[in-house]
Amino acid sequence: MKLLLLDADHCLGRALIDESASRSDVELIVERSRQCSSSQLGSWAPDAVIFPPLLCPASVDYAEMVEHVDQVEAIMTACHAQAVPLVWFVSDQIFDAGSDMPIEESVLPSPRDEGLQRLLETGNRLRSRLAEHFIVRIGPLMALEGRNAWLAQMLEAMVDGRPLRAAEDEIVCPTPVQAVARAVIGMLAQQFSGANAWGAYHLAGVEPVSLYTFHGVVRHQLEMQLERRHINLIPGEIQPLHHHHDQPLRRVLNCRQMLETFGVHQKPWRLALDAMLEQWCQMRFDEEKRP
């Protein structure tokens, strides 16, 4: 299975590179750019193209959003011309109104934000123009390396003693980036073995949590790691924010279709967090002590 990865410096790109390196059934063509011409795509002849997400699209400048969707639509045009499937990841923030119930794959987003509407329009064009596609909606990605490595940025701020602010009334499903990489490669392997199940899927963690509580758990686990290493350091405090005064905003993705179609089981994010913190502290503190 030959896959073309665009935007390889993205945290999901880095995870896909690591995952592919451990498998003998994947040949990964790695491109740091987010662009690929139709002729270049024809020359490489991949089985699919993977385009990582724009993380936190609700908070980026409109110009950045336009640049992202323009690049997605350009690669979509190239994929259409060369009959190559496209895998595009989209942040759960596309559901900007949230939902009291877990959001099913069949629910089409209807964002109020103008930038997110552009994201939705691109998704609609992808559905209509390219029959062979995956649109994978994901929760906030927990990552230690690569661009937009949310967890690493959080940990660096904490060990620097900087306070962090996080919404107490915004419920999400954090998702380890390595689990996403493993799942999408498994999806594609099954698809090219006859699954015949293109379309939109949800891939997020299974333990909903407020952003404030998640930050608090990370801080507590970091304190335990520091104590174990006899490091006298007090992490920065977590300050609660309140954005939604009537009721909490819940963006909880129901990943049932992913499970039923491809057998992808998501584990609670707390299980991955322990290992990720251990890895980060080894790189940040243990290696600094070596001569």
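The table below gives the values:
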{"read-out": "Helix axis angle, 269-281 relative to the chain longest principal axis, alpha carbon, degrees", "value": "70 degrees"}
{"read-out": "Portion, in percent, of the accessible area of segment 1-98 that falls on carbon or sulfur, probe 1.4 Å", "value": "44 percent"}
{"read-out": "Cα convex hull of segment 203-272, projected area averaged across orientations, nm²", "value": "6.4 nm²"}
{"read-out": "Net charge, Arg256 excluded, C-beta distance under 9 Å - Lys, Arg +1, Asp, Glu -1", "value": "-3"}
{"read-out": "Overall Cα dimensions of segment 4-80 - principal axes, largest extent first, Å", "value": "40, 27, 15"}
{"read-out": "Percent of alpha-carbon pairs separated by more than 29 Å within the chain", "value": "35 percent"}
{"read-out": "Accessible area (Å², per residue) of segment 1-135, counting only protein heavy atoms and a probe of 1.4 Å", "value": "43 Å²"}
{"read-out": "Rounded FRET efficiency, nearest 0.05, which uses the C-beta distance separating Gln35 from Ala58 and R0 of 22 Å", "value": "0.35"}
{"read-out": "Rounded tilt (10° steps) of 177-190 against the dominant C-alpha axis of the chain", "value": "20 degrees"}
{"read-out": "Local electrostatic count at Gln71 - Lys and Arg +1, Asp and Glu -1, tallied over other residues with Cβ under 10 Å", "value": "-3"}
{"read-out": "Burial order of peptide ranges 169-176, 195-202 (average beta-carbon count within 10 Å, highest first)", "value": "169-176, 195-202"}
{"read-out": "For Ser20, solvent-accessible area (1.4 Å; no DNA, RNA or ligand), Å²", "value": "10 Å²"}
{"read-out": "Degrees between helix 150-159 axis and first principal axis of the chain (Cα, 0 to 90, nearest 10)", "value": "20 degrees"}
{"read-out": "Segment 206-286, relative contact order in percent, only Cα pairs under 8 angstrom and at least six apart counted", "value": "45 percent"}
{"read-out": "Stretchable slack from His80 to Glu132, in nm (0.36 nm times residue separation minus alpha-carbon distance)", "value": "17.8 nm"}
{"read-out": "Top of Gln247, Gln221, Gln71 by mean-square fluctuation, Gaussian network on the chain, Cα under 10 Å", "value": "Gln247"}
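The values are calculated or read from the model by the stated rules, or taken from the named source; none is laboratory data. Quick caveat: nothing in here was measured; it's all calculated off a predicted structure. Methodologically, a virtual Cβ is constructed for each residue, glycine included, from the backbone with ideal geometry; neighbour enumeration extends over all protein chains shown. For the accessible areas, the whole protein counts, side chains as well, though only heavy atoms, and no ligand, DNA or RNA atoms are used. Shrake-Rupley method; radii C 1.70, N 1.55, O 1.52, S 1.80 Å.
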